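The values are calculated or read from the model by the stated rules, or taken from the named source; none is laboratory data. Just so it is clear, the structure is predicted and the values come from calculations on it, not from any experiment. Here the Cβ is made from the backbone with ideal geometry for all residues, glycine too, and neighbour counts use every protein chain on show. Just so you know, the surface numbers come from the protein's heavy atoms only, side chains and all, with ligands and any DNA or RNA stripped out. Shrake-Rupley method; radii C 1.70, N 1.55, O 1.52, S 1.80 Å.
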Amino acid sequence: MSDTVHVLNGPNLNLLGTREPGIYGAATLADVEALCRAEGAQLGFDIVFRQTNSEGALVDFIQEARGARGIVLNAAAYTHTSVALRDAVSAVGVPTIEVHLSNVFAREAFRHQSFLSPVARGVICGFGPQSYVLGLRAIASLPPSS
Ligand code: CA2
């Protein structure tokens, strides 16, 4: 079984730590990547960490994760809008943990809907960058190919 886990990030997450620290905290995306690499090393995972502002590129990233041990996916705003991402997660056959920095259920109603949750293996939100760490641990806890 592959030990590679893809950590995929959607639109505007490249701005982390530079705007809206009240909602998203002070950590930058580079800080989140470092956290994921440190946790990945503990868990024996090779981490592929990517970000894009483009929906189609995110579809490509998900498809490129075929055969991986898992995907930790923060699709950001596309979570709430994208049938294409849902279809990609469903098609790739890799256990996918949907993660969010913020507690989306404590925010606007439009953030309560996710096109991804029904096809994700699980969902973690509200723990800031630790949501990603918990996502990696969730993948480590899964039996092979579940
Ligand atoms: O809480 C999360 O992780 C979100 O996925 C973040 C998305 C939001 O649309 C989701 O509802 C919840 C937004 C990411 C944008 O990140 C920014 C970071 C700094 C400044 C502005 C936006």
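Worth a mention:
- Among the residues making up segment 27-52, those that are open to solvent by less than 80 Å² (accessible area, probe 1.4 Å) and not in a helix (DSSP H, G or I) are ALA27, THR28, GLY44, PHE45, ILE47, VAL48, PHE49, ARG50, GLN51, THR52.
- Residue among VAL48, VAL59 that is in contact with a His (Cβ under 9 Å, 6 or more places away or on another chain) and away from the ligand (no atom under 16 Å from the Cβ): VAL48
- For ARG66, the conditions (1) open to solvent by less than 60 Å² (accessible area, probe 1.4 Å); (2) touching a helix residue (DSSP H, G or I) at 6+ places or on another chain (Cβ under 7 Å) all hold with the exception of (1).
- Complete set of residues in segment 105-146 that are among the aliphatic types (A, V, I, L, M), assigned to a helix (DSSP H, G or I) and touching a residue at least 24 places away in the same chain (Cβ under 8 Å): VAL119, VAL133, LEU134, LEU136, ALA138, ILE139, ALA140
- Any hit, segment 82-89, residues being among the basic types (Lys, Arg), surrounded by fewer than 15 Cβ atoms within 10 Å (Cβ to Cβ) and away from the ligand (no atom under 13 Å from the Cβ): no
- Failed item in (1) touching a Phe, Trp or Tyr at 6+ places or on another chain (Cβ under 7 Å); (2) touching a residue at least 60 places away in the same chain (Cβ under 8 Å); (3) not small (Gly, Ala, Ser), with LEU73 passing the rest: (1)
So that you can scan it fast, the table gives a plain yes or no per residue for (1) within 12 Å of VAL7 (Cβ to Cβ); (2) out of contact with any Leu (no Cβ under 6 Å at 6 or more places or on another chain); (3) β-branched (Val, Ile, Thr):
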residue: ALA34; (1), (2), (3): yes, yes, no
residue: GLY44; (1), (2), (3): no, yes, no
residue: GLN63; (1), (2), (3): no, yes, no
residue: VAL99; (1), (2), (3): yes, yes, yes
residue: GLN113; (1), (2), (3): no, yes, no
residue: SER117; (1), (2), (3): no, yes, no
residue: GLY122; (1), (2), (3): no, yes, no
residue: GLN130; (1), (2), (3): no, yes, no
residue: ALA138; (1), (2), (3): no, yes, no
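- Count of segment 2-26 residues, restricted to those that are more than 8 Å from the ligand (Cβ to nearest atom), buried (at least 16 other Cβ atoms within 10 Å of the Cβ) and assigned to a loop (DSSP other than H, G, I, E, B), is 1.
- Some residue of segment 65-73 being within 12 Å of the ligand (Cβ to nearest atom), more than 18 Å from ILE139 (Cβ to Cβ) and not acidic (Asp, Glu): no
- Residue within segment 97-112 that is buried (at least 20 other Cβ atoms within 10 Å of the Cβ), within 18 Å of LEU43 (Cβ to Cβ), of a type outside the set (Lys, Arg) and under 15 Å from the mean Cα position of the chain (by Cα) present: yes
- Restricting ARG86, ARG107, ARG19 to those that are more than 15 Å from TYR132 (Cα to Cα) and touching a Pro at 6+ places or on another chain (Cβ under 8 Å) reduces the list to ARG86.
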